[in-house]
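Notes follow the structure.
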Amino acid sequence: MADLAALDILIVDDDAPMRAIVERALRAAGATRIRTAESAPVALARLADQAADLIVTDHQMPEMAGLEFVAAIRADARLKHARVLMISGYADIANSAPGVDAVLIKPVETSALLGAVEKALG
């Protein structure tokens, strides 16, 4: 497993319990530098202040959908190195998520999340 303690991680989800589940799983795996955001616009503001190495984002969010958020990340030269995981309730998104390093389908199990993180960090 990659050294998660060395990574700046941002979790973006409009659902507070889902943010907590992902954060808890990543902390249990050794992550220590985790920030959260309740929407894509808030996440973009946080990324403007400090880039992230790994971004875990929801697919369906109000204000700005996950794929639009990912497009904004990929358009920012400061964030081009960031790895992006997307969590979705729709299985068909896995084949049509440009700019995303891995897609997880809800419900997300800890082992699947950590496996996707490992794959994305390569």
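The values are calculated or read from the model by the stated rules, or taken from the named source; none is laboratory data. Fair warning: this is a prediction, and the values are worked out from it, not measured in the lab. We place every Cβ from the backbone using ideal geometry, glycine too, and count neighbours over all the protein chains shown.
Brief remarks follow.
- Residue match in segment 64-82 (condition: under 14 Å from Leu113 (Cβ atoms), outside any loop (DSSP other than H, G, I, E, B) and either within 12 Å of the chain's Cα centre (by Cα) or among the hydroxyl-bearing types (Ser, Thr, Tyr) (or both)): no
- No other residue among Asp58, Asp101 is surrounded by 15 or more Cβ atoms within 10 Å (Cβ to Cβ) and out of contact with any Gly (no Cβ under 7 Å at 6 or more places or on another chain) apart from Asp101.
- Meets criteria (hydroxyl-bearing (Ser, Thr, Tyr) and surrounded by fewer than 21 Cβ atoms within 10 Å (Cβ to Cβ)) for Ser88: no
- Any hit, segment 88-98, residues being among the acidic types (Asp, Glu), modelled with pLDDT of 95 or more and over 11 Å from the mean Cα position of the chain (by Cα): no
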